[in-house]
Amino acid sequence: MIRELIIYPGVDKSGFRERFTYIKLKAGETVSIVGPTGSGKTALITDIELLAQEDTYTKRRITINGQVPSDEIRYNPAMKPIVMITQNTKCFADLTTEEFLRIHARARKISDHGVIKDTIDLANTFTGEKIKKDTRVTVLSGGQTRSLLIADAILIGAAPIILLDEIENAGIFKQEVVRLIHNAGKMVIFVTHDPVIALLTKTRIIMENGAVKNILYQNEPEIRAARNLLELDRKIGNVREELRAGKAITFDFLSVNFA
Ligand SMILES: Nc1ncnc2c1ncn2[C@@H]1O[C@H](COP(=O)(O)OP(=O)(O)OP(=O)(O)O)[C@@H](O)[C@H]1O
Ligand SMILES: [Mg+2]
């Protein structure tokens, strides 16, 4: 059981100590990491994925439930409580989507055969071009791969912590992802340039020059702003889907409310 994860400060790109005491993240929490290009977002999420112990160049330290994670937890993939999905994450096995999920489900001792179909269906709610069960995982697009792995992490994977590095560029339906992972009770940490995701998360970590510069918590005006942006985002999404489907835009999409 993971109750909390604590990040202890390291050093910025100039070698100066980060100016926070610690950052405590709780199970089921949604977190975003924001900041300019090159500010150290991926470096921070990588520290979390590695459960760094002052042994990365940032010199940060991560504890789980107040304890230094054992080597077993750090290095045994079966024990690792964290799954990270990045822009470069690929499935290398020469398997169909169905076989890939079945092997994972079997490894996790899940006997419910419906879980395979459910996972593919869930992945297909995130992505425009549908994944079929007999599609080989190696030929899935970047967005499809990430959609499949996120659905797999929600329904089959045991990892209570999910790290997502800039999934928005995959054209994934992100509000679905935030809601579903949150409902699954998992801790999710998004590295993001996307204002909608940043506003949808409870905790926001701001990066600069390789260091955590500030930590902000979602407030009421931000929740309202998120709602408005989501509505706008949905409209933009509708236009995007129309364009992707090869259609021409023949009326003012932004003034229309879709059901
Ligand atoms: N604390 C640090 N000390 C030294 N180097 C750092 C530190 N943090 C980040 N870096 C280095 O700075 C560079 C940019 O960092 P990183 O890739 O994490 O940025 P990013 O915020 O993810 O950028 P992008 O938005 O482009 O993905 C990398 O080469 C990384 O190794
Ligand atoms: Mg990055």
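The values are calculated or read from the model by the stated rules, or taken from the named source; none is laboratory data. Note that this is a predicted model, so its numbers are computed, not measured. Counting neighbours? That spans all protein chains shown, and the Cβs are built from the backbone with ideal geometry, glycine included.
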What pairs can you find where one residue is in the range 1-26 and within 16 Å of ligand 1 (Cβ to nearest atom), the other is among the polar types (S, T, N, Q) and modelled with pLDDT of 95 or more, and their Cβ atoms are less than 7 Å apart, with a gap of 6+ or different chains? Gly10/Thr58; Val11/Thr58; Asp12/Asn209; Lys13/Asn209; Ser14/Asn209
Checking Arg3 against (1) more than 22 Å from the chain's Cα centre (by Cα); (2) at negative phi, the condition it does not meet: (1)
Of the numbered conditions (1) crowded, with 21+ Cβ neighbours inside 10 Å; (2) within 8 Å of ligand 1 (Cβ to nearest atom); (3) over 18 Å from Ser14 (Cβ atoms), Thr46 fails exactly one; give the number of that condition. (1)
Within the range 76-87, identify whether any single residue is over 18 Å from Ile162 (Cβ atoms) and not hydrophobic (A, V, I, L, M, F, W, C), and answer yes or no. yes
Kindly indicate which of Ile206, Ile215, Ile189 is in contact (Cβ under 8 Å) with a residue 40 or more places away in the chain and surrounded by 19 or more Cβ atoms within 10 Å (Cβ to Cβ). Ile189
Restricting the range 137-168 to residues that are charged (D, E, K, R) and closer than 17 Å to Ile48 by Cα, which is surrounded by the most Cβ atoms within 10 Å (Cβ to Cβ)? Asp165
Selection from the range 174-203 of residues modelled with pLDDT of 85 or more, within 13 Å of the chain's Cα centre (by Cα) and away from ligand 1 (no atom under 16 Å from the Cβ) yields Lys186, Met187, Val188, Leu200, Thr201
Across the range 53-65, what is the number of residues that are in contact (Cβ under 8 Å) with a residue 24 or more places away in the chain and more than 11 Å from ligand 1 (Cβ to nearest atom)? 6
Under 7 Å by Cβ, and 6 or more places apart or on different chains, what pairs join a residue from the range 39-50 that is of a type in the set (Val, Ile, Thr) with one that is near ligand 2 (Cβ under 8 Å from one of its atoms)? Thr42/Asp165; Thr42/Val191; Ile45/Asp165; Ile45/Val191
Which of the residues that make up the range 118-170 are away from ligand 1 (no atom under 16 Å from the Cβ), out of contact with any Pro (no Cβ under 6 Å at 6 or more places or on another chain), assigned to a loop (DSSP other than H, G, I, E, B) and not hydrophobic (A, V, I, L, M, F, W, C)? Thr127, Gly128, Glu129, Lys130, Lys132, Lys133, Asp134, Thr135, Ser141, Gly157
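Sort out which residues of the range 2-23 are surrounded by fewer than 17 Cβ atoms within 10 Å (Cβ to Cβ) and under 22 Å from Asn183 (Cβ atoms), and write them in order of number.
If the condition is that a residue be surrounded by fewer than 17 Cβ atoms within 10 Å (Cβ to Cβ) and under 22 Å from Asn183 (Cβ atoms), then Arg3, Glu4 are the ones that fit.
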Those residues that are among the aliphatic types (A, V, I, L, M), out of contact with any strand residue (DSSP E or B) (no Cβ under 8 Å at 6 or more places or on another chain) and over 16 Å from Val83 (Cα atoms), I need them from the range 30-71; list them, please. none
